[in-house]
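A short write-up of the structure that comes next.
The values are calculated or read from the model by the stated rules, or taken from the named source; none is laboratory data. Just so we're clear, the structure is a prediction, and the values are computed from it rather than from any experiment. Glycine gets a Cβ as well: all are built from the backbone with ideal geometry, and neighbour counts include every protein chain shown.
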Amino acid sequence: MDTIVVRGGSRLRGEVAVEGAKNAALPILFAALLTDEPCVFHNVPQVVDVRTALRLLADLGAEVQQEGTTVWVRARHLRSVEAPYELVKTMRASFLVLGPLLARTGRARVSTPGGCAIGARPVDLHLKGLQKLGATVDVVHGYAEAEVQRLQGATIYLDVPSVGATEHLLMVACLAEGSTRIEQAAREPEVVDLARVLIGMGARISGAGEDVITVEGVSRLHGVEHTIVPDRIEAGTFLIGGAMTGGDVFVRDARADHLHALLLKLKEAGAEVLEDAAGIRIRGHTRLRSVDVKTMPYPGFPTDLQAQFMAAMTRAEGRAVITETIFENRFLHAVELNRLGADIKVQGNAAVVQGVEKLTGAPVMATDLRASVSLVLAGLVAEGETVVSRVYHLDRGYARLEEKLRALGAWVERRRE
Ligand code: UD1
């Protein structure tokens, strides 16, 4: 297992470009199952989760070709309509193949994902939605088994604006008979990017990016060519890194309209933010001030940037309260940050971060994707060496992170053990 070693003390300076969004790429790749025609996607990030998705598509019988960040998928004949536990447990988003397989063939069998480090993460809204659209769904031996004669449009109200459930039901509704309304839909930019792809394939969707999405079903979808939206979470990670190291970083392709909540918080903390059409520049002048954040569905502060922001607050001046409202157990990084000398007390769904003068390097362990990058960021401002283990979490969602940080002047090295 690899480790990442960080020596603290450098300010990040220079320019870094962000990849395409992992969380947009995954559902978009699975949308290719909805047609027998070829689909071409550009700006697909080269991360482990994408590799897992392509392997799953190939297992199902799709032809897959990849050249750099361009991926070509054609699901002309499907060999299987099953996704096994081994795959779904390594990547929850694999569950999203259930609906497209069902819409395409009338039946599908996909393992349910189970819980994960950050919370229970049920799929009840996905299953209830599919039932509303006319499918019979049973969970048997840990697998969701779905069947349908003809998908029928319906009105679906999501109890919480789940990103995955919105994407899943949106894909299926495109091929249902009649119209579908998804109420309290997720509004994340990744949902909008998926809708763009589906519209490119011939779907009739309106309202993506708003809390009610309507879909007029069509009888078939065709091929598409699409460029994946830039990754706002990767962009946010570099912006936080620039601010907390007192650096000066231009994050190319970062979109200010997708990062509104983070940019407001970074400004409130004392960083200088300069937005232009090509990206966002961040400058950290003094020690950051502590500011409170509360994670919320988009356009609120993203839960996927909570750990990184907490890392920044560990050395800020004052006391910050970070409240997590999306996942019930997403503070595992707090104890690891405390090993570096941070002063964080977790009380229920809030973490009270008392800023300290300095952090000191130590061995720490990554527990999930965003937690692992928060430890790398903390290592950048800790004295001495921080060794982050279990970095396979990090590789699921960040491409060439060490390389990018090194180009910004950080001392970061990957050790293969
Ligand atoms: C997606 C992102 C993930 C991000 C999350 C929230 C991908 C591949 N992953 O995950 O990085 O952290 O959005 O922005 O895009 N819920 C239910 N029942 C359901 C579905 C969800 O109760 O059927 C709950 C979850 O337990 C959680 C909340 O809804 O508390 C939000 O989850 P959801 O938006 O579905 O997250 P994902 O789509 O899994």
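Of the residues that sit in segment 289-315 and are away from the ligand (no atom under 16 Å from the Cβ) and touching a residue at least 60 places away in the same chain (Cβ under 8 Å), which one is nearest to Ala256 (Cα to Cα)? Ranking the candidates gives Ala312 first. Among the residues here, His42 qualifies as outside the structural domain of Ala366 (by TED's automatic domain parsing) and either touching a residue at least 60 places away in the same chain (Cβ under 8 Å) or within 28 Å of Thr180 (Cα to Cα) (or both). In the set Arg283, Arg287, only one residue is modelled with pLDDT of 95 or more and either buried (at least 24 other Cβ atoms within 10 Å of the Cβ) or of a type in the set (Lys, Arg) (or both); that residue is Arg283.
Would you check which residues across segment 346-368 are under 15 Å from Ser290 (Cβ atoms) and in contact with a His (Cβ under 8 Å, 6 or more places away or on another chain) and list them? Those that are under 15 Å from Ser290 (Cβ atoms) and in contact with a His (Cβ under 8 Å, 6 or more places away or on another chain): none in segment 346-368.
Taking Thr3, is it touching a His at 6+ places or on another chain (Cβ under 7 Å) and more than 16 Å from the ligand (Cβ to nearest atom)? Outline the logic, then answer.
On the way: touching a His at 6+ places or on another chain (Cβ under 7 Å): no; more than 16 Å from the ligand (Cβ to nearest atom): yes.
Answer is no for this residue.
Across segment 59-92, what is the number of residues that are within 16 Å of the ligand (Cβ to nearest atom) and crowded, with 18+ Cβ neighbours inside 10 Å? Please lay out each step first, then the result.
First pass over segment 59-92, keeping only residues within 16 Å of the ligand (Cβ to nearest atom): 83, 87-92.
Checking which are crowded, with 18+ Cβ neighbours inside 10 Å leaves us with 83, 87-88, 91-92.
Summing the residues that are within 16 Å of the ligand (Cβ to nearest atom) and crowded, with 18+ Cβ neighbours inside 10 Å in segment 59-92 gives 5.
Can you name every residue in segment 179-230 that is within 14 Å of the ligand (Cβ to nearest atom), over 22 Å from Ala75 (Cβ atoms) and in a loop (DSSP other than H, G, I, E, B)? Scanning segment 179-230 gives Gln184, Ala185, Ala186, Arg187, Glu188, Asp211, Val229. Cβ-Cβ under 6 Å, sequence separation 6+ or interchain: first residue in segment 115-126 and more than 6 Å from the ligand (Cβ to nearest atom), partner acidic (Asp, Glu). Which pairs? Qualifying pairs under 6 Å: Ala117/Asp368; Ile118/Asp368. Do we find that Gly8 is buried (at least 22 other Cβ atoms within 10 Å of the Cβ) and within 30 Å of Gly241 (Cα to Cα) in this structure? For Gly8, the condition - buried (at least 22 other Cβ atoms within 10 Å of the Cβ) and within 30 Å of Gly241 (Cα to Cα) - is not met.
Return the residues of segment 323-347 that are within 15 Å of the ligand (Cβ to nearest atom) and either crowded, with 21+ Cβ neighbours inside 10 Å or not hydroxyl-bearing (Ser, Thr, Tyr) (or both); say none if nothing qualifies.
Going through segment 323-347, the residues within 15 Å of the ligand (Cβ to nearest atom) turn out to be 323-333.
Selection gives Glu324, Ile326, Phe327, Glu328, Asn329, Arg330, Phe331, Leu332, His333.
Of everything in segment 38-58 that is more than 16 Å from the ligand (Cβ to nearest atom) and crowded, with 16+ Cβ neighbours inside 10 Å, the residue that is nearest to the chain's Cα centre (by Cα) is Asn43. Residue check: Arg104 meets all listed conditions (1) touching a helix residue (DSSP H, G or I) at 6+ places or on another chain (Cβ under 8 Å); (2) touching a residue at least 40 places away in the same chain (Cβ under 8 Å); (3) within 16 Å of the ligand (Cβ to nearest atom) but one, namely (3). Selection over segment 231-266 of residues that are more than 20 Å from Lys294 (Cβ to Cβ) and within 16 Å of the ligand (Cβ to nearest atom) gives a count of 3.
For (1) basic (Lys, Arg); (2) within 8 Å of the ligand (Cβ to nearest atom); (3) surrounded by fewer than 23 Cβ atoms within 10 Å (Cβ to Cβ); (4) modelled with pLDDT under 95, each residue gets a yes or a no:
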residue: Gly129; (1), (2), (3), (4): no, no, no, no
residue: Lys132; (1), (2), (3), (4): yes, no, yes, no
residue: Thr136; (1), (2), (3), (4): no, no, yes, no
residue: His141; (1), (2), (3), (4): no, no, yes, yes
residue: Ala146; (1), (2), (3), (4): no, no, no, no
residue: Gln149; (1), (2), (3), (4): no, no, yes, no
residue: Gln152; (1), (2), (3), (4): no, no, yes, no
residue: Tyr157; (1), (2), (3), (4): no, no, yes, no
residue: Glu167; (1), (2), (3), (4): no, yes, no, no
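Annotation: Ala173 fulfils all but one of (1) surrounded by fewer than 20 Cβ atoms within 10 Å (Cβ to Cβ); (2) away from the ligand (no atom under 13 Å from the Cβ); (3) over 28 Å from His393 (Cα atoms); the unmet one is (1).
Every residue, every condition in (1) within 19 Å of Ile199 (Cβ to Cβ); (2) of a type outside the set (Phe, Trp, Tyr), yes or no:
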{"position": "Ala24", "(1), (2)": "yes, yes"}
{"position": "Phe30", "(1), (2)": "yes, no"}
{"position": "Thr52", "(1), (2)": "no, yes"}
{"position": "Asp59", "(1), (2)": "no, yes"}
{"position": "Trp72", "(1), (2)": "no, no"}
